[in-house]
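First up is the structure itself, then whatever we jot down about it.
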Amino acid sequence: MRNLTLLLCAILGLFACKKNSSNSGELEVANPITEKKGWSLVKYSPEFFTYANDPIVINKLELVKEHSTGIDILYSSMMEFQRDAQFINVRWRAYSDGLNEVKKVDLTQIASFDEFNRPILSRLVNAYSAGMGESQLFVLNELPLRLQGSATEFDHSYQHFNAKSSKVVLNERKFSLRSTQVLKGGIGSANPNAPFVVNGMNSWRVGEKLGTLATGYAGSLGAAPKGNGLVILALKDTLLYILETQEKTHMYISGTYSEIVKSAVIKNVYNLNALTKSGIGEYYSTSRFMFNQEYLFVFIGMTNGHHRYFKINLNTYQLKSENEALYEQIKLDGIKNIILPEDRPGEVIAMEMDGIYHLSGSTKTPIPSVSVLPGTSGTTVNYSNGKIWQVLFDKNGSYLINRAL
C-alpha cells in the first residue's frame with residue numbers, strides 16, 4: 001500500500017511539473033491571453049497594484065532590465081488632478097528561481113496643492129536598474145514645489161529612493177485659474193554611470209562664445225553627457241540651440257527663490273520652422289532622446305506631421321535631420337508612447353492608438369498586439385535587450401510578456 005501511495009505521489013508530482021512548464025519554455029498559468037501573435041508569457045504573479053478599467057488612468061511600463069539573477073520591472077499607475085489623486089509605483093522583481101516579489105515602492109511624493117486644493121504629484125522621469133537589490137534601483141523625479149503667487153518651481157531629484165544629487169538648471173511652470181501652461185521639462189538620466197538632470201529651462205550668459213542673446217531660457221529637448229558637462233538641444237521660440245554646460249556657475253533668482261546653476265554656452269543654432277516646414281500655429285508636441293559616446297539623438301513630434309529625428313555630433317555640434325520621410329509616417333494623434341532603442345540608433349518604436357510599430361531603415365512595420373480577454377488592462381510597452389515588453393493585469397494578477405523585435 002505504501003509503495004502504491006509513493007507511486008501515485010510521483011505521478012501527481014510529474015503532472016504538476018508538466019503543467020507549469022512546456023517544451024517552449026513558456027509558463028502555463030491561467031492568463032487572459034487569447035491569441036499570442038508572437039508574444040510569450042515570461043512571468044506571472046498573483047500580486048498586482050494598478051488602477052484598472054478607468055480611461056483617466058495611465059499605466060506605464062517604466063523599466064525592464066534583465067540581470068543574471070532575474071528581471072527587474074518598474075511600472076506606474078497614475079490618476080492625476082483628482083481630489084483623491086494617487087500615484088502608484090510598483091517594483092516587480094522576478095527572480096530566475098521562480099520567485100516573484102511585487103510591491104509598491106515610494107518613488108514619488110505629493111509636493112503641495114493647486115488653487116483648487118488638489119494635490120500636485122511628482123512625476124517619475126527616468127529609471128535605471130543596476131541589479132535586484134534594494135539600493136540598486138535609481139530614479140529621477142520631477143517634484144513641483146509651489147512658492148508664491150502662481151509660480152511653481154520644479155525640483156528634480158536624482159535618487160535611489162532618497163539620495164539627491166546636484167541640480168543643473170531650473171524649470172518653472174505658471175498656473176492660472178483658467179488654463180495651465182506647461183513648459184517642457186523633466187529630462188535626464190538616472191544611470192549611475194552617467195547621471196544628470198536638466199530641468200526644463202537652460203540659462204546662459206551674454207557674450208560667452210556664440211552667445212549673442214540676452215540672458216534667457218530655452219526648453220530642453222534632449223541632453224547627453226560630455227566630460228563633466230552636458231551637450232543639450234534646446235528650443236526657444238522657433239530656434240534650436242545646441243548648448244554646452246560649463247564648469248562656471250551663477251546664481252539663479254526667481255522671487256524669493258535662488259540657487260546656483262551651471263552656465264551654458266551656445267555652440268550652434270538652427271531654425272526649427274525651416275527644418276520641419278512649419279508655420280504659425282504649428283509647433284512641437286513631444287520629444288524623446290537617447291545618446292551614445294558620439295551623438296545625441298532627439299525625436300521631435302510636430303503638430304503638422306513633419307516629425308524629425310535629429311542626430312547631433314557631440315564634438316562638432318552639427319545637427320543632421322535623419323530619414324524624414326520615414327518619421328513622418330508616425331501618427332501622433334492619441335499616441336501612447338514613443339521609444340528610441342538605445343542599442344538601435346535611428347530606429348523608433350511607436351505605440352499608436354491602432355497598434356505598435358517599428359520604424360527602421362525606410363520601413364514602418366506593424367507589430368501585432370497580443371489578444372486578451374475582456375476586462376484585461378495593460379501598460380504602455382517598453383524595450384530592452386532586443387525585445388518589446390508589456391505588463392497585463394486582470395483579476396487574477398500580473399503578467400509580464402515580451403516579443404522579439
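Note on E324 and K104: their simple-model spin labels are 4.9 nm apart, each label 7 Å out from Cα toward Cβ. Taking a sphere under 13 Å around the Cβ of A94 and counting the other residues whose Cβ falls inside, with K and R at +1 and D and E at -1, yields a net charge of 0. Computed packing ranks the peptides 380-392, 363-375 as 380-392, 363-375, most packed first, by mean other Cβ atoms within 10 Å. Only lysine pairs 8 or more places apart, or on different chains, with alpha-carbon atoms under 29 angstrom apart are counted in segment 303-405, and they number 16. Excluding ligands, DNA and RNA, the accessible surface per residue across segment 234-390 is 46 Å² with a 1.4 Å probe. Of the listed residues F299, F291, the order by accessible area with a 1.4 Å probe, largest first, is F291, F299.
Can you tell me how much longer the chain between K331 and K36 gets when fully stretched, taken as 0.36 nm per residue apart minus their C-alpha distance, in nm with one decimal?
Numbers: separation 295, 0.36 × 295 = 106.20 nm, distance 2.51 nm.
Extra length from K331 to K36 when fully extended: 103.7 nm.
The values are calculated or read from the model by the stated rules, or taken from the named source; none is laboratory data. Nothing here was measured: the structure is a model prediction, and the numbers come from that model. Positions of Cβ are generated from backbone atoms using ideal geometry, with glycine treated the same way; all protein chains shown enter the neighbour counts. Side chains included, ligands, DNA and RNA excluded: accessible areas come from the protein's heavy atoms. Shrake-Rupley method; radii C 1.70, N 1.55, O 1.52, S 1.80 Å.
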